[in-house]
Amino acid sequence: MPRVMIVDDDRTTVRLLKTLLELDGYDVSIAPTAAEVVTLAQEVQPDLFLMDYHLDEMDGVQVVNHIRALPAFRHTPIIITSGMNVEREALAAGASRFLMKPFDPESLNTLFRSLLNA
């Protein structure tokens with residue numbers, strides 16, 4: 001079962017995504033704050049990160065930099081989402097993909113499978 005870590009502080013969005021992803025067969029962990037991402041990631045070893053750009057202490061690009069600095073996650077797919085077009089910054093920081101909000105949660109399974117099988 002692939003492990004996905006959702007990094008987002010919007011509890012409503014997180015609950016919806018968690019439910020949908022679990023129905024698609026993913027093991028989902030949640031990091032509600034940027035400060036928790038690295039510690040939790042080292043514990044659960046996610047196969048993929050789904051991360052909001054706007055987080056509490058730092059933006060998603062800064063979190064991507066912290067994740068990519070860890071050898072275990074240098075090549076782990078990271079998808080950044082935002083309501084603003086920050087695709088250039090996200091990809092330059094090392095994100096694998098950028099999704100503009102609102103996106104269709106139903107399409108995540110296809111995207112995840114393509115990234116996990118790459």
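The values are calculated or read from the model by the stated rules, or taken from the named source; none is laboratory data. Owing to the predicted nature of the structure, the values given are computational and were not obtained by experimental measurement. Please note: Cβ atoms are built from the backbone with ideal geometry, for glycine as well, and neighbour counts cover all protein chains shown.
Computed quantities for the displayed model
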| read-out | value |
| --- | --- |
| Hits in segment 69-95 - residues which are surrounded by fewer than 19 Cβ atoms within 10 Å (Cβ to Cβ), under 15 Å from the mean Cα position of the chain (by Cα) and within 14 Å of Pro46 (Cβ to Cβ) | Arg74, His75 |
| Helices (runs of 4 or more DSSP H) contained in segment 27-118 and holding at least 3 residues among the β-branched types (Val, Ile, Thr) | 34-44, 60-68 |
| Single residue of Arg97, Arg68 found to be at pLDDT below 95 and charged (D, E, K, R) | Arg68 |
| Identity of the residue in segment 2-11, farther than 16 Å from Leu116 by Cα and touching a Leu at 6+ places or on another chain (Cβ under 8 Å), that ends up modelled with the highest pLDDT | Val7 |
| Top-ranked residue of segment 4-26 - restricted to ones that are part of a helix (DSSP H, G or I) and either of a type in the set (D, E, K, R) or surrounded by fewer than 13 Cβ atoms within 10 Å (Cβ to Cβ) (or both), ranked as farthest from the chain's Cα centre (by Cα) | Leu23 |
| Scan of segment 43-58 for residues that are free of Cβ contacts under 8 Å to residues at least 40 places away in the same chain and surrounded by 20 or more Cβ atoms within 10 Å (Cβ to Cβ), ordered by number | Tyr53 |
| Any hit, segment 52-70, residues being in contact with a strand residue (DSSP E or B) (Cβ under 8 Å, 6 or more places away or on another chain) and on the phi > 0 side of the Ramachandran plot | no |
| Subset of segment 12-51 [of a type in the set (Ser, Thr, Tyr) and modelled with pLDDT under 90] | Thr13, Thr33 |
